[in-house]
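The values are calculated or read from the model by the stated rules, or taken from the named source; none is laboratory data. The model shown is predicted, which means the values in this text are computed figures rather than measured ones. Ideal geometry is used to build each Cβ from the backbone, glycine not excepted, and the neighbour counts take in all protein chains shown.
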Amino acid sequence: MSVLVTGASGFVGSWLTRALADDGYRVVAQMRRPPSTLFNRLGLDAQPLVEVVIDHDIAEVARRCRPETLFHLAGMSQVGYARENPLLAFETNARQTWQLLDVVRNMPVSPRTVVASTDALYGETGHAPATEAHALDALGPYEVSKLMADAAARAYAQFGLPVVVARLGNVYGYGDENQARILPGTLDAIRHGRAPRLRGGGRAVRSLLHVDDCIAALRLLAEHAAEPGVRGEAFNVSGEPAMTTHAIARLTLDVFGRDDLEPEISDDAPGETSRRFSSSARLRETLGWNQKISMTEGLSRIKKAMEAE
């Protein structure tokens with residue numbers, strides 16, 4: 001079976017590409033620039049089942065390779081960068097998604113397609129996790145651009161295409177270098193022997209999901225993308241339990257045995273006390289997916305990988 005992974009050089013994309021190749025699938029790994037450090041560290045640059053395609057035109061890549069399965073992960077993931085470059089965010093996250101989907105619509109046999117979205121579409125969720133029935137509250141350029149892609153995917157499913165949307169929560173694991181996220185920032189502090197810095201009083205609430213559990217969910221959605229109740233639907237893919245950023249940092253320090261470090265907490269960023277997390281109950285009930293990796297185990301895996309560097 002041939003699989004196209006767009007954004008294959010990213011954090012989730014690299015791990016997904018390796019999982020697919022390890023299982024014997026031939027993978028076309030689309031990316032905009034040469035492979036990332038993580039992609040190469042996972043040995044994917046030398047994996048014979050992986051074809052690296054460096055091309056900005058994702059739709060054209062899909063037209064050429066005509067995959068049987070498609071994971072669309074490409075896009076702008078940095079919220080701050082999207083705020084500074086709104087037009088680019090709309091072009092990258094929204095426009096290229098519907099261009100890709102229109103190519104899929106015109107293929108002789110449509111690939112089972114998973115479009116990666118985000119649970120940031122729900123905005124502030126309060127004290128209860130957002131479900132797929134939660135009102136959408138996308139306001140910033142990043143959130144709105146992802147909402148446009150999310151809606152486009154569900155619209156193209158009306159043509160009978162086997163398309164499903166995965167609204168990803170906060171995915172973590174070894175190799176994530178996005179310092180804007182709580183865990184990579186904490187890990188970088190540990191690596192350099194300094195205390196992690198937490199804004200907003202450390203009270204922001206997030207739920208984290210290990211990348212292996214995320215990949216299992218994406219593959220399960222792809223497998224069932226053509227089925228009633230899945231095709232054209234959106235599913236949250238997130239972890240439990242929800243934790244404050246202070247609790248996440250404290251647990252990370254404990255797993256890494258850094259009792260000598262204590263998080264530095266400032267209360268000068270009220271906007272970072274947000275509560276944003278979602279429930280994957282629908283995915284569990286519909287397809288039987290279950291989160292298997294606890295935060296403690298996931299952090300232990302990262303620690304082991306970092307020690308092996």
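Some values worked out for this structure:
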| quantity | calculated |
| --- | --- |
| Residue in the stretch 140-156 that is assigned to a loop (DSSP other than H, G, I, E, B) and either at pLDDT 95 or above or among the basic types (Lys, Arg) (or both) present | no |
| Residue under evaluation Ser77, criteria (1) surrounded by 15 or more Cβ atoms within 10 Å (Cβ to Cβ); (2) modelled with pLDDT of 95 or more; (3) not hydrophobic (A, V, I, L, M, F, W, C), criterion not met | (2) |
| Test: residue in the stretch 285-297 that is surrounded by fewer than 19 Cβ atoms within 10 Å (Cβ to Cβ), under 26 Å from Arg154 (Cα atoms), in contact with an Asp or Glu (Cβ under 9 Å, 6 or more places away or on another chain) and among the aliphatic types (A, V, I, L, M) | yes |
| Positions within the stretch 157-166 being hydrophobic (A, V, I, L, M, F, W, C) and either at positive phi or outside any loop (DSSP other than H, G, I, E, B) (or both), in sequence order | Ala157, Phe159, Val163, Val164, Val165, Ala166 |
| Subset tally (residues that are in contact with a helix residue (DSSP H, G or I) (Cβ under 6 Å, 6 or more places away or on another chain) and surrounded by fewer than 21 Cβ atoms within 10 Å (Cβ to Cβ)) for the stretch 153-174 | 1 |
| Whichever residue in the stretch 226-256 is small (Gly, Ala, Ser) and out of contact with any helix residue (DSSP H, G or I) (no Cβ under 9 Å at 6 or more places or on another chain) and, among such residues, is surrounded by the most Cβ atoms within 10 Å (Cβ to Cβ) | Ala242 |
| The stretch 281-309 residues that are in contact (Cβ under 8 Å) with a residue 24 or more places away in the chain, paired with ones that are of a type in the set (Lys, Arg) (beta carbon under 9 Å, 6 or more apart) | Gln291/Arg284; Ile293/Arg301; Met306/Arg191 |
| Test set (1) part of a loop (DSSP other than H, G, I, E, B); (2) within 17 Å of Val79 (Cα to Cα) - Gly185 fails condition number | (1) |
| Within the stretch 61-80, considering residues that are in contact with a strand residue (DSSP E or B) (Cβ under 9 Å, 6 or more places away or on another chain), of a type outside the set (A, V, I, L, M, F, W, C) and not in a strand (DSSP E or B), the one farthest from Glu51 (Cα to Cα) | Ser77 |
| Qualifying residue in the stretch 167-177 (condition: at pLDDT 95 or above, of a type outside the set (Ser, Thr, Tyr), within 19 Å of Arg231 (Cα to Cα) and not in a loop (DSSP other than H, G, I, E, B)) | yes |
| All positions within the stretch 106-121 that are of a type outside the set (Val, Ile, Thr), surrounded by 14 or more Cβ atoms within 10 Å (Cβ to Cβ) and farther than 14 Å from Ser207 by Cα | Met107, Ser110, Pro111, Arg112, Ala116, Ser117, Leu121 |
| Among (1) touching a residue at least 12 places away in the same chain (Cβ under 8 Å); (2) surrounded by fewer than 18 Cβ atoms within 10 Å (Cβ to Cβ); (3) basic (Lys, Arg) - the single one Arg64 does not satisfy | (1) |
| Meets criteria (buried (at least 20 other Cβ atoms within 10 Å of the Cβ), assigned to a loop (DSSP other than H, G, I, E, B) and in contact with a strand residue (DSSP E or B) (Cβ under 6 Å, 6 or more places away or on another chain)) for Ala29 | no |
| Some residue of the stretch 228-247 being in contact with a strand residue (DSSP E or B) (Cβ under 8 Å, 6 or more places away or on another chain), of a type in the set (Lys, Arg) and closer than 27 Å to Gly80 by Cα | no |
| Single condition Leu87 does not satisfy, out of (1) without any contact (Cβ under 8 Å) to a residue 24 or more places away in the chain; (2) surrounded by 14 or more Cβ atoms within 10 Å (Cβ to Cβ); (3) not in a loop (DSSP other than H, G, I, E, B) | (2) |
